[in-house]
Structures are given as structure tokens and as C-alpha cells.
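K.L.:
Structure incoming, see below.
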Amino acid sequence: MEQNRVVARPIRCKAAVCKAAGEPLEMEEVEVAPPRAHEVRIKVVCTSPCHSDITFWRMKDGPNMFPCILGHEAVGVVESVGEHVQEVAVGDTVVPVFLAQCGECADCRSARSNLCSALPTRPGMPRDGTTRFSLAATGEPVHNFLSVSSFAEYTVVDVAHVVRVGNALPPEKACLLSCGVATGVGAAWKVAAVEPGSTVAVFGLGAVGLAVAQGSKMRGATRIIGIDLNPDKFETGKKLGITDFVNPNGIGEQTVSEVIKEMTGGAGADYCFECIGSVSVMAEAFRSSRMGWGKTVVLGVDGSAAPVSIPSLDIMRGRSVVGSYLGGIKPKDDIPVLARKCLDKELELDEFITHQMGFDEINRALDLLAQGKCLRCIIWMEMDGGAVEDGA
């Protein structure tokens with residue numbers, strides 16, 4: 001590809017920079033270096049804050065990552081590519097994904113894993129640990145985040161983290177496939193392999209939980225129980241497959257697991273999904289699963305990395321628990337499949353997009369998500385000619 005050999009220049013653009021844990025993001029002019037070998041520079045069209053962004057944004061005891069550019073759910077257009085990039089070209093519409101798929105390592109070649117062992121998650125760029133961002137005014141390096149950093153008008157991503165999706169799917173919908181919706185649908189499809197006629201319990205009806213519900217419905221589950229403290233989530237949930245709703249604040253002295261067992265004739269749910277990131281809820285989800293074959297899938301991110309207490313005897317009786325990144329999907333193989341399901345109206349995304357706003361309102365978007373007042377807020381970059389090339 002001839003365009004792969006064009007020499008790219010540094011670009012200056014706007015980015016929402018996180019300078020301290022929990023502090024509002026600050027709009028800064030940053031310099032985005034050209035892509036190196038195996039890298040792609042992307043002009044971000046839109047991005048969406050995810051709960052994982054909030055978890056790391058608030059993490060006071062986490063790794064020294066400030067200043068940094070958060071964001072990992074996005075869609076954009078390839079602006080330039082580095083050496084050895086063949087699978088995408090300038091002008092392609094792509095989604096960046098926090099999980100790599102190199103296609104060559106043992107994990108990528110196996111159907112049993114979606115965790116690329118050649119390019120595991122690490123600080124900085126996957127192949128050298130450095131960053132492609134710096135503050136334009138001072139030259140201070142700015143750390144990237146989860147190999148994506150989409151809270152910027154331009155970003156540089158390793159090609160192993162990039163999936164071409166084409167132009168048929170609207171960008172605001174393609175954006176959701178890069179993390180939240182893919183995680184939920186994938187968990188029902190790839191991790192749990194929900195069977196027709198089964199009963200599913202979903203703990204937490206945010207975007208991931210509702211995507212689990214939709215994925216379970218697509219797999220043929222006949223009863224899908226949603227558990228959430230916000231009763232407003234049930235109306236949205238019904239449109240996406242939830243058949244029953246349990247509010248933990250409305251069940252008196254009973255535990256959620258006791259209620260679910262009552263609802264299922266004493267057996268428990270065939271599949272339980274924890275979509276919150278609470279170790280106590282993980283344990284309660286496990287207790288809600290049936291003996292013999294009950295499977296609990298953990299999708300929520302617990303920032304404290306605390307242990308989960310599960311009775312060993314229950315495991316011996318056939319219950320199991322499994323964790324998953326990105327719902328077990330292999331990005332380059334499975335995101336195009338999900339995009340096709342969207343175009344074929346098998347996968348509904350409209351209900352997930354509750355807010356849309358400009359880049360300058362990104363702190364408001366984070367607040368809405370943290371307060372549980374939105375599912376997904378699409379942030380449009382609205383460039384207005386603001387990005388310039390050095391030396392142009």
C-alpha cells in the first residue's frame with residue numbers, strides 16, 4: 001500500500017487530560033507523535049466514557065499514570081500508518097480495542113482464550129512501553145491508557161488493537177462495539193454459551209448488564225432476571241430482554257440469592273452475570289446459581305482486586321465461576337460479526353445511547369455515568385479545524 005509509506009508529521013490537537021485521581025479532566029493542547037512500526041494514528045470521530053475509565057480515574061493508589069489520557073471506547077478514521085501495517089489503510093473506519101489480537105500467538109490461535117500473550121496489557125504502547133502523547137506547551141510526556149486513549153482528537157494505537165468496521169454502521173453505534181456492548185453480548189455468547197430455554201440472572205443493569213440481557217435473549221434464554229437498585233432500569237431492560245426485575249432495596253430481610261431461588265422453584269439460575277465490580281455481589285451472584293451446572297461470569301472490574309469468598313463444597317457440587325475480559329470475544333474476528341448483527345437488526349443499540357454531547361462537555365458525561373444517570377454518552381469531537389500539523 002503506497003499510502004503506508006507516506007511520512008507522517010506530529011499533530012497538535014485537543015485532549016482531555018487527567019492530571020490527578022478524581023480531578024476534573026482538563027482540556028489541553030497535546031502533540032501526537034507519528035505512528036511507529038505496527039502502529040496506526042486515528043482521527044477520533046466519537047468516543048464514549050465507560051465505567052472502567054471511572055474506576056481508573058478515581059484510583060488514588062493505582063500505578064503512577066498521571067498525566068494521562070483516558071478513554072477506550074471509540075470509533076475513528078485512520079489518518080496515517082507506520083511501517084509493517086497492511087491490514088488497514090488511510091481512510092478506513094476502525095474501532096480501537098483495549099485487547100490485542102496479534103493472530104499469531106498461542107492464545108490468539110486458540111478458541112479457548114482472547115488474551116493475546118504476545119501483546120499483554122501493559123502501561124504505554126504495547127511493543128515498547130512508551131507514549132505518543134506530550135503536552136504541546138511543555139513537552140511533558142502524557143501517558144496513554146489501555147492502549148487506546150480515545151479522549152483526544154487524535155490517538156496512536158497498535159495495529160493489533162485496531163478493527164476495521166467499514167462505513168455502513170453509524171459511528172455512534174460502532175463506538176459501542178469497542179467495549180461495553182461487545183463485553184455483554186460476548187459474555188452470553190462466548191463465555192457462558194447460554195443455552196435455549198435457560199434462566200439467566202444479571203447483576204447490574206448498566207450498559208454491560210443490559211448487553212448481557214440482549215445477548216442472552218439472542219441465545220434463546222426464556223427467563224432473564226435483572227437485579228438493580230434503580231427501578232427505572234427495568235423499563236429499558238424490558239426492551240432488551242429482561243423478563244423479571246429484582247430491586248435489592250425492596251425485598252426486606254431476604255437476600256437476592258434467596259429471592260432468585262424462590263423465583264426458580266428453589267433451583268437458582270442457570271447462568272449469573274456480575275456486571276458491577278463488587279466482590280460481595282460476585283459472591284451473591286455465585287450463590288444465586290443452581291447446583292449441578294450453574295455458571296457465574298464475572299464482568300465487573302473491582303478496583304481493589306479483593307478476593308472473592310466461595311465455599312469449596314459448592315464448587316464440588318458443579319457450580320463454576322469464570323472471569324472474562326471483553327466478554328471473551330476476539331476483537332478482529334468477532335466485532336465485525338456484531339457489526340453485521342447490528343445492520344441486520346439482530347442487535348439493538350439505540351436504547352444504549354442515552355446522551356450525546358460535544359467534546360468540551362466530557363466532564364459532564366463522566367459525572368452522568370458515575371451517578372448512574374446514563375447508559376452511554378456519545379462524545380462527538382467537533383473538530384472545527386482545531387487540529388493542526390506541526391510545520392504545516
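Residues checked against (1) in contact with a Ser or Thr (Cβ under 8 Å, 6 or more places away or on another chain); (2) at pLDDT 95 or above; (3) not acidic (Asp, Glu):
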residue: Glu140; (1), (2), (3): yes, yes, no
residue: Ala160; (1), (2), (3): no, yes, yes
residue: Ala168; (1), (2), (3): no, yes, yes
residue: Lys173; (1), (2), (3): no, yes, yes
residue: Ser178; (1), (2), (3): no, yes, yes
residue: Val208; (1), (2), (3): yes, yes, yes
residue: Met218; (1), (2), (3): no, yes, yes
residue: Thr236; (1), (2), (3): no, no, yes
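K.L.:
Does segment 76-104 hold any residues that are aliphatic (A, V, I, L, M) and farther than 30 Å from Ser304 by Cα, and which are they? Reasoning before the result, please.
P.N.:
First, pick out the residues of segment 76-104 that are aliphatic (A, V, I, L, M): 77-78, 81, 85, 88-90, 94-95, 97, 99-100.
Passing the criteria: Val77, Val78, Val81, Val85, Val88, Ala89, Val90, Val94.
K.L.:
Here is a further query. Could you look through segment 352-381, keep only residues that are among the small types (Gly, Ala, Ser) and over 21 Å from Lys238 (Cα atoms), and pick out the one that is surrounded by the fewest Cβ atoms within 10 Å (Cβ to Cβ)? Steps first, please.
P.N.:
Looking only at segment 352-381, we keep the residues that are among the small types (Gly, Ala, Ser), and these are 358, 365, 370, 372.
Filter again for over 21 Å from Lys238 (Cα atoms), leaving 358, 365, 370.
Values: Gly358: 13, Ala365: 26, Ala370: 15.
Out of the qualifying residues, it is Gly358.
K.L.:
Filter segment 250-273 for residues that are open to solvent by 20 Å² or more (accessible area, probe 1.4 Å) and without any contact (Cβ under 8 Å) to a residue 24 or more places away in the chain and give the result.
P.N.:
Gly250, Ile251, Gly252, Glu253, Gln254, Glu258, Glu262, Gly265, Gly266
K.L.:
Give me the residue from segment 115-155 that is in contact with a Lys or Arg (Cβ under 8 Å, 6 or more places away or on another chain) and in a strand (DSSP E or B) and, out of that set, surrounded by the fewest Cβ atoms within 10 Å (Cβ to Cβ).
P.N.:
Filtering first and then ranking leaves Tyr154.
K.L.:
Only one of Val85, Val90, Val75, Val81 is of a type in the set (A, V, I, L, M) and open to solvent by 50 Å² or more (accessible area, probe 1.4 Å); which? Give the derivation first.
P.N.:
Working: Val85 fails: open to solvent by 50 Å² or more (accessible area, probe 1.4 Å); Val75 fails: open to solvent by 50 Å² or more (accessible area, probe 1.4 Å); Val81 fails: open to solvent by 50 Å² or more (accessible area, probe 1.4 Å).
One residue alone meets the criteria, Val90.
K.L.:
Among the residues in segment 340-350, are any of a type in the set (D, E, K, R), touching a strand residue (DSSP E or B) at 6+ places or on another chain (Cβ under 9 Å), under 22 Å from Val97 (Cα atoms) and not in a loop (DSSP other than H, G, I, E, B)? Show your work before the answer.
P.N.:
Looking only at segment 340-350, we keep the residues that are of a type in the set (D, E, K, R), and these are 340-341, 344-346, 348, 350.
Retained after the next criterion (residues that are touching a strand residue (DSSP E or B) at 6+ places or on another chain (Cβ under 9 Å)): none.
No: segment 340-350 contains no residue that is of a type in the set (D, E, K, R), touching a strand residue (DSSP E or B) at 6+ places or on another chain (Cβ under 9 Å), under 22 Å from Val97 (Cα atoms) and not in a loop (DSSP other than H, G, I, E, B).
K.L.:
State which residue is least open to solvent (accessible area, probe 1.4 Å) when the search covers only segment 275-293 and only residues that are within 21 Å of Ser52 (Cβ to Cβ) and touching a residue at least 60 places away in the same chain (Cβ under 8 Å). Show your work before the answer.
P.N.:
Kept after step one, since they are within 21 Å of Ser52 (Cβ to Cβ), are these residues of segment 275-293: 275-282, 285.
Filter once more, so that each one left must be touching a residue at least 60 places away in the same chain (Cβ under 8 Å): 275-277, 281, 285.
Values: Cys275: 27, Ile276: 94, Gly277: 15, Val281: 34, Ala285: 0 Å².
Going through the qualifying residues, I end up with Ala285.
K.L.:
Let me ask something additional. Among the residues of segment 295-302, is there at least one that is in the same structural domain as Arg219 (by the TED database), closer than 24 Å to Val162 by Cβ and modelled with pLDDT of 95 or more?
P.N.:
Step one: list which residues in segment 295-302 are in the same structural domain as Arg219 (by the TED database), which gives 295-302.
Within this subset, residues satisfying the condition of being closer than 24 Å to Val162 by Cβ are 299, 301.
If we keep only those that are modelled with pLDDT of 95 or more too, we end up with 299.
Yes, segment 295-302 has at least one match.
K.L.:
If you check Val246, Val259, Val279, which single one turns out to be touching a strand residue (DSSP E or B) at 6+ places or on another chain (Cβ under 9 Å) and farther than 14 Å from Gly209 by Cβ?
P.N.:
Numbers: Val246 fails: farther than 14 Å from Gly209 by Cβ; Val279 fails: touching a strand residue (DSSP E or B) at 6+ places or on another chain (Cβ under 9 Å).
Selected residue: Val259, the only one of Val246, Val259, Val279 that is touching a strand residue (DSSP E or B) at 6+ places or on another chain (Cβ under 9 Å) and farther than 14 Å from Gly209 by Cβ.
K.L.:
Has segment 38-58 got at least one residue that is free of Cβ contacts under 8 Å to residues at least 12 places away in the same chain and open to solvent by less than 40 Å² (accessible area, probe 1.4 Å)? First the steps, then the outcome.
P.N.:
Narrowing segment 38-58 to residues free of Cβ contacts under 8 Å to residues at least 12 places away in the same chain: none.
No; the residues of segment 38-58 include none that is free of Cβ contacts under 8 Å to residues at least 12 places away in the same chain and open to solvent by less than 40 Å² (accessible area, probe 1.4 Å).
K.L.:
Kindly establish whether Phe56 is outside the structural domain of Val208 (by the TED database), touching a Cys at 6+ places or on another chain (Cβ under 7 Å) and modelled with pLDDT under 95.
P.N.:
Numbers: outside the structural domain of Val208 (by the TED database): yes; touching a Cys at 6+ places or on another chain (Cβ under 7 Å): no; modelled with pLDDT under 95: yes.
Judged against the criteria, Phe56 is not a match.
K.L.:
Quickly run through segment 287-335 and pick out the residues that are among the β-branched types (Val, Ile, Thr) and part of a loop (DSSP other than H, G, I, E, B).
P.N.:
Hits for segment 287-335 are Val301, Val308, Ile310, Ile329.
K.L.:
Which count do you get for residues in segment 252-286 that are assigned to a loop (DSSP other than H, G, I, E, B) and of a type in the set (Gly, Ala, Ser)? Reasoning before the result, please.
P.N.:
Step one: filter segment 252-286 for residues assigned to a loop (DSSP other than H, G, I, E, B), giving 252-255, 264-268, 270, 275-278.
Still in the running and of a type in the set (Gly, Ala, Ser): 252, 265-268, 277-278.
Total meeting the criteria: 7.
K.L.:
Of everything in segment 285-316, what is of a type in the set (D, E, K, R), more than 21 Å from Ile224 (Cα to Cα) and touching a Gly at 6+ places or on another chain (Cβ under 7 Å)? Give them in sequence order. Working first, answer last.
P.N.:
Applying the first criterion (of a type in the set (D, E, K, R)) to segment 285-316 yields 287, 290, 295, 302, 314.
Narrowing further to those that are more than 21 Å from Ile224 (Cα to Cα): 302, 314.
Within segment 285-316, Asp302 is the sole residue that qualifies.
K.L.:
Ok, one more. Only one of Leu349, Leu343, Leu299 is touching a Lys or Arg at 6+ places or on another chain (Cβ under 8 Å) and either hydrophobic (A, V, I, L, M, F, W, C) or surrounded by 15 or more Cβ atoms within 10 Å (Cβ to Cβ) (or both); which? Reasoning before the result, please.
P.N.:
Values: Leu343 fails: touching a Lys or Arg at 6+ places or on another chain (Cβ under 8 Å); Leu299 fails: touching a Lys or Arg at 6+ places or on another chain (Cβ under 8 Å).
Testing whether each residue is touching a Lys or Arg at 6+ places or on another chain (Cβ under 8 Å) and either hydrophobic (A, V, I, L, M, F, W, C) or surrounded by 15 or more Cβ atoms within 10 Å (Cβ to Cβ) (or both) leaves just Leu349.
K.L.:
Also, quick follow-up: Among the candidates Glu29, Glu23, single out the residue that is farther than 18 Å from Gly76 by Cβ, in the same structural domain as Ser147 (by the TED database) and without any contact (Cβ under 8 Å) to a residue 24 or more places away in the chain.
P.N.:
Numbers: Glu29 fails: without any contact (Cβ under 8 Å) to a residue 24 or more places away in the chain.
Testing whether each residue is farther than 18 Å from Gly76 by Cβ, in the same structural domain as Ser147 (by the TED database) and without any contact (Cβ under 8 Å) to a residue 24 or more places away in the chain leaves just Glu23.
The values are calculated or read from the model by the stated rules, or taken from the named source; none is laboratory data. Only a predicted model underlies this, so the values are computations on that prediction, with no experimental measurement involved. Positions of Cβ are generated from backbone atoms using ideal geometry, with glycine treated the same way; all protein chains shown enter the neighbour counts. The area values use the complete protein model at the heavy-atom level, side chains included, leaving out ligands, DNA and RNA. Shrake-Rupley method; radii C 1.70, N 1.55, O 1.52, S 1.80 Å.
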